[in-house]
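Report on the structure given below.
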Amino acid sequence: KKVLAEGAQGSHLDIIHGTQKFVTSSSTVAGSACSGLGVGPTKVDNVLGVIKAYITRVGEGPLPTEQKNEAGEHLRQKGGEFGTTTGRPRRCGWFDLPLAIKSICLNGYTGFALTKLDVLGGLDTLKVCTGYELDGNTIDYPPELSDELARCKPIYTELSGWNEDISGTESPGELPDNAREYIELLEKLMEINIEYVSVGPGRKQTFKK
């Protein structure tokens, strides 16, 4: 029999490996599924990482690419980035490659599901953080100390956005060229295939790439 284990919350909220002290009370990385279910790691065939096309954070804690501007508000409103219970606005920012790479190292993903790609529609310019500047040095990894991560200044690669509504897209070939270029850039930078793309909350709005 095959079993699908679904984790809760993001890797960077993990009680051990998250951005201390801004973490949750449990382990949120993929390995916790093995200990929680009582199965050995060699029993796991695939680890699919679910990742947004941009980054969000609830509450306090470092978020180097946070956008306190029109772009951030666009992501928040179009993406419905408000707490399910409290309605609290989530902090939104551009895709953060160093944090994504750390998540890859922590979880051993075999592939990704990229969600909320449709939310980026309507933005003239898209940015992907490929590294940081910290105290005069250029680094490509997130510091372990939260106060150092908070001081990091993002280094961006910029891409052209798209204005088309892609929420009805059913295959990669139907996406605008700039949307496909965005996906391809993320795959190239993360060195892991994006296997699924989501363009909305509905069941029929996720397709295999």
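The values are calculated or read from the model by the stated rules, or taken from the named source; none is laboratory data. Given the structure is predicted, the values throughout are model-derived calculations rather than measurements. Here the Cβ positions follow ideal geometry from the backbone for every residue, glycine too, while neighbour counts run over all protein chains shown.
Values computed for the structure shown
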| read-out | value |
| --- | --- |
| Close pairs from region 35-47: first in contact (Cβ under 8 Å) with a residue 24 or more places away in the chain, partner among the small types (G, A, S), Cβ under 6 Å, at least 6 apart | V47/A30; V47/G108 |
| Residue check for L159: within 19 Å of S103 (Cα to Cα), modelled with pLDDT of 95 or more and either under 18 Å from the mean Cα position of the chain (by Cα) or small (G, A, S) (or both) | no |
| Qualifying residue in region 176-183 (condition: at negative phi, modelled with pLDDT of 95 or more and within 15 Å of the chain's Cα centre (by Cα)) | yes |
| Residues within region 99-156 that are within 21 Å of K188 (Cα to Cα), in a strand (DSSP E or B) and in contact (Cβ under 8 Å) with a residue 24 or more places away in the chain, tallied | 17 |
| Residue tally, condition over 22 Å from I15 (Cβ atoms) and surrounded by fewer than 13 Cβ atoms within 10 Å (Cβ to Cβ), over region 61-85 | 4 |
| Selection status of A150, within 17 Å of T19 (Cβ to Cβ) and of a type in the set (A, V, I, L, M) | yes |
| Filter result for A71 (assigned to a helix (DSSP H, G or I), under 18 Å from the mean Cα position of the chain (by Cα) and without any contact (Cβ under 8 Å) to a residue 60 or more places away in the chain) | yes |
| Top-ranked residue of region 28-51 - restricted to ones that are assigned to a loop (DSSP other than H, G, I, E, B) and more than 18 Å from the chain's Cα centre (by Cα), ranked as nearest to Y141 (Cα to Cα) | N46 |
| Subset of region 46-65 [over 22 Å from P201 (Cα atoms) and of a type in the set (S, T, Y)] | T65 |
| Residues of region 25-79 that turn out to be modelled with pLDDT of 95 or more, out of contact with any Ser or Thr (no Cβ under 9 Å at 6 or more places or on another chain) and of a type in the set (S, T, N, Q), as a count | 5 |
| Residue pairs meeting the criteria (Cβ under 7 Å; at least 6 apart or on separate chains; first in a loop (DSSP other than H, G, I, E, B), in region 56-67; second buried (at least 19 other Cβ atoms within 10 Å of the Cβ) and of a type in the set (D, E)) | P64/D96; T65/D96 |
| Residues of region 60-107 that turn out to be hydrophobic (A, V, I, L, M, F, W, C) and within 17 Å of C152 (Cβ to Cβ), as a count | 7 |
| Which numbered condition Q77 fails, given (1) more than 17 Å from S146 (Cα to Cα); (2) assigned to a loop (DSSP other than H, G, I, E, B); (3) not basic (K, R) | (2) |
